[in-house]
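Asks: Just passing along the structure, written as structure tokens.
The values are calculated or read from the model by the stated rules, or taken from the named source; none is laboratory data. The structure presented is a predicted model; accordingly, all values stated were derived computationally and were not measured. Cβ placement follows ideal geometry from the backbone for every residue including glycine, while neighbour counts extend to all protein chains displayed.
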Amino acid sequence: MSSGEDFARAYADWCDELDARNASPLWWATSLASRHPLTLSLPRRLFALKNSQADPRPPLSLKSRLCAALPLGPLSAAARAAWRMALARLLRPQAPPPGPADLLFTLAGPRSFPNGTYRDQFFGDLPEFLASAGRAPLLWTFVTGNYAATIRRLPPGAIPIERTLTAAGLMRALAAALGAWTRGIPVDAPPFEGHDVSELVKEEAAANVREGRFFNDLLYGEALSGLIARTEVRTLYYPFENLARERSLLMALRRGAPRARAVGYQHSPLTARQLNCRLGSRGAQRLPLPDVIVASDAAAARRLGEWGWPKERIRVGCALRAAAPGAPAKRVNGPPRLLVLLSQGPEEYKGLLRLLREAFDGQPDAPEVVLRPHPVIPLAPALADAGPLGFRWTVESGPLSEALGSCRAALYASSAAALDAARAGTPAIWADWGDWLPSDPLEGRGEGHAEARDGASLREAFARAHPIPADTSSPVTKAGLEAFLA
């Protein structure tokens with residue numbers, strides 16, 4: 001069997017050729033151009049093909065079949081966007097400022113308000129630093145969770161992206177999505193390792209349109225165009241993951257504000273799983289690129305360069321997301337609890353739930369399990385698939401520092417929050433649940449870092465867990481912040 005690294009290199013080179021054959025504004029808005037195993041089944045299927053395994057093609061659900069027969073995905077996504085437009089104008093009636101503005105595109109949801117006050121999930125204290133440096137930071141946010149409740153809690157001046165989306169922009173995105181649903185997205189797919197994979201690629205392109213993701217990613221660009229028509233945008237800051245929405249934003253910025261600078265912030269650990277962040281030898285030649293990519297540390301900057309991103313555009317910054325939990329978590333007495341940090345999607349959710357059941361179902365001394373899902377990936381489908389759990393469990397989405405303080409240990413597979421656990425002095429347990437491309441953000445960090453491959457090893461790791469020294473130094477430095485001054 002080929003290693004994950006062998007596959008990653010082959011996949012990156014193949015994606016470069018796929019991009020070269022299909023490069024166009026509509027192509028860059030597809031999930032196929034993102035390369036991401038979280039939003040695509042294609043990487044897993046190509047890995048199986050390379051290793052002569054059975055095709056792990058996901059079955060079509062009843063919903064998918066309906067969306068293949070009728071354009072329900074794009075239409076329902078458009079209806080949702082129109083409803084959000086109306087709410088945004090009702091709850092945030094003030095028009096965007098004329099500028100100049102240094103725009104921070106971000107996400108806001110339940111976890112954006114630790115201790116009741118807003119703190120950006122990606123950029124931390126960067127808005128305050130930009131203001132102190134004479135810039136004009138403007139938060140422009142996509143809301144997750146309860147839309148109306150979150151908008152009401154946003155700081156003054158923050159703008160939901162639907163507030164800048166126009167009816168004409170919504171209709172343009174819908175027309176493009178309906179056209180793609182009707183005619184399909186034309187794809188010229190190169191062979192992969194000598195195999196004809198054109199049908200696999202066409203299936204993926206159809207799913208992207210059918211599920212409404214293509215429409216949603218086009219919408220980001222339309223919303224930015226609406227903002228640029230009102231506001232002089234000098235800089236666009238955004239979380240960098242090489243996703244379709246980022247390219248939509250970059251294309252809109254180049255069209256409407258060609259002199260503006262684009263700064264991508266690499267915030268997630270760069271593990272083997274991040275196929276979306278890997279380019280081949282020619283990947284950077286056609287891809288819409290930011291002017292600057294600020295890496296969270298020197299190791300990440302080196303890896304981005306090794307993975308094909310132009311080294312002259314990469315700067316070493318700092319870990320903005322880790323600023324808040326830098327002090328030791330406040331320990332809470334009570335029965336033992338295990339925090340489960342869920343991240344990469346439904347398959348990871350199901351894999352960790354299987355491991356938890358194997359370890360703790362029916363065990364009288366089982367800890368209370370605290371499930372902490374990703375803010376935009378629902379947990380309910382995985383729970384329904386798992387059936388009744390034979391141990392005490394709860395779901396929490398409050399401040400991470402509080403969750404870490406109330407738990408003896410944190411179980412994770414790929415979540416960046418494992419870094420926060422290690423910094424806060426909470427032992428971390430990596431779950432090797434059988435993923436086809438496993439990735440551990442804490443690999444090589446040593447003390448306090450255990451592994452669990454089955455129920456017995458998870459029970460043992462949890463029993464041996466004990467608080468470790470917290471790293472109280474701040475990862476946010478003046479030099480790191482200055483890297484963002486494009």
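Asks: Go through Phe105, Phe122 for me and flag whichever is modelled with pLDDT of 95 or more, surrounded by 14 or more Cβ atoms within 10 Å (Cβ to Cβ), among the aromatic types (Phe, Trp, Tyr) and in the same structural domain as Glu203 (by TED's automatic domain parsing).
Replies: From the options Phe105, Phe122, the qualifying one is Phe105.
Asks: Additional query: At least 3 residues that are farther than 17 Å from Gly194 by Cα and under 22 Å from the mean Cα position of the chain (by Cα) in each: list the helices (runs of 4 or more DSSP H) lying fully within region 15-74 that qualify. Let's see the steps before the verdict.
Replies: Values: elements: 25-28, 42-50, 62-69.
Output list reads 25-28.
Asks: Go through region 290-303 and give me each residue that's surrounded by fewer than 19 Cβ atoms within 10 Å (Cβ to Cβ) and within 14 Å of Asn242 (Cα to Cα).
Replies: Residue satisfying the conditions is Asp291 alone.
Asks: A follow-up question, please. State which residue pairs qualify: first residue within 17 Å of Arg245 (Cα to Cα) and inside region 200-216, second residue among the acidic types (Asp, Glu) in any location, beta carbons under 9 Å apart, and separation of 6 or more residues or different chains.
Replies: Pairs that qualify, where the first residue is within 17 Å of Arg245 (Cα to Cα) and the partner is among the acidic types (Asp, Glu), are Asn208/Asp217.
Asks: Would you say Ala81 is crowded, with 21+ Cβ neighbours inside 10 Å and under 26 Å from Pro290 (Cα atoms)? Talk me through it step by step, then tell me what you get.
Replies: Values: crowded, with 21+ Cβ neighbours inside 10 Å: yes; under 26 Å from Pro290 (Cα atoms): no.
Against the criterion (crowded, with 21+ Cβ neighbours inside 10 Å and under 26 Å from Pro290 (Cα atoms)), Ala81 does not qualify.
Asks: Let me ask something else. Can we say Asp6 is in contact with a Ser or Thr (Cβ under 8 Å, 6 or more places away or on another chain) and either within 30 Å of Gly169 (Cα to Cα) or in a helix (DSSP H, G or I) (or both)? Before the answer, list the steps.
Replies: Values: in contact with a Ser or Thr (Cβ under 8 Å, 6 or more places away or on another chain): no; either within 30 Å of Gly169 (Cα to Cα) or in a helix (DSSP H, G or I) (or both): yes.
When the stated conditions are applied, Asp6 does not pass them.
Asks: Pick from Leu130, Leu178: which is crowded, with 18+ Cβ neighbours inside 10 Å and of a type in the set (A, V, I, L, M)?
Replies: Leu130
Here's the yes/no breakdown for (1) among the hydrophobic types (A, V, I, L, M, F, W, C); (2) in contact with a Gly (Cβ under 8 Å, 6 or more places away or on another chain); (3) closer than 23 Å to Gly4 by Cβ; (4) outside the structural domain of Arg273 (by TED's automatic domain parsing):
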position: Val370; (1), (2), (3), (4): yes, no, no, yes
position: Pro373; (1), (2), (3), (4): no, no, no, yes
position: Val376; (1), (2), (3), (4): yes, yes, no, yes
position: Thr394; (1), (2), (3), (4): no, no, no, yes
position: Ala413; (1), (2), (3), (4): yes, yes, yes, yes
position: Ala421; (1), (2), (3), (4): yes, no, no, yes
position: Ile429; (1), (2), (3), (4): yes, no, yes, yes
position: Gly434; (1), (2), (3), (4): no, yes, yes, yes
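Asks: Determine whether Pro97 is assigned by TED's automatic domain parsing to the domain that holds Leu138, in contact (Cβ under 8 Å) with a residue 60 or more places away in the chain and exposed (fewer than 15 other Cβ atoms within 10 Å of the Cβ). First the steps, then the outcome.
Replies: Numbers: assigned by TED's automatic domain parsing to the domain that holds Leu138: yes; in contact (Cβ under 8 Å) with a residue 60 or more places away in the chain: yes; exposed (fewer than 15 other Cβ atoms within 10 Å of the Cβ): yes.
Yes; evaluated as a whole, the condition is true for this residue.
Asks: May I pose another question? Can you work out which of the residues in region 303-321 that are under 21 Å from the mean Cα position of the chain (by Cα) and in a helix (DSSP H, G or I) is farthest from Ser415 (Cα to Cα)?
Replies: My answer is Gly305.
Asks: Which residues, counting only those in region 229-271, are in contact (Cβ under 8 Å) with a residue 40 or more places away in the chain, more than 25 Å from the chain's Cα centre (by Cα) and crowded, with 21+ Cβ neighbours inside 10 Å?
Replies: Within region 229-271, Thr231 is the sole residue that qualifies.
Asks: Right, here's the next one. List pairs: first in region 388-403 and closer than 22 Å to Asp365 by Cβ, second in a loop (DSSP other than H, G, I, E, B) and not acidic (Asp, Glu), Cβ under 6 Å, 6+ apart or cross-chain?
Replies: Gly390/Gly362; Phe391/Ala366
Asks: Only one of Ala173, Ala168 is surrounded by fewer than 20 Cβ atoms within 10 Å (Cβ to Cβ), at pLDDT 95 or above and closer than 30 Å to Glu211 by Cβ. Can you tell me which?
Replies: Criteria check complete, one pass: Ala168.
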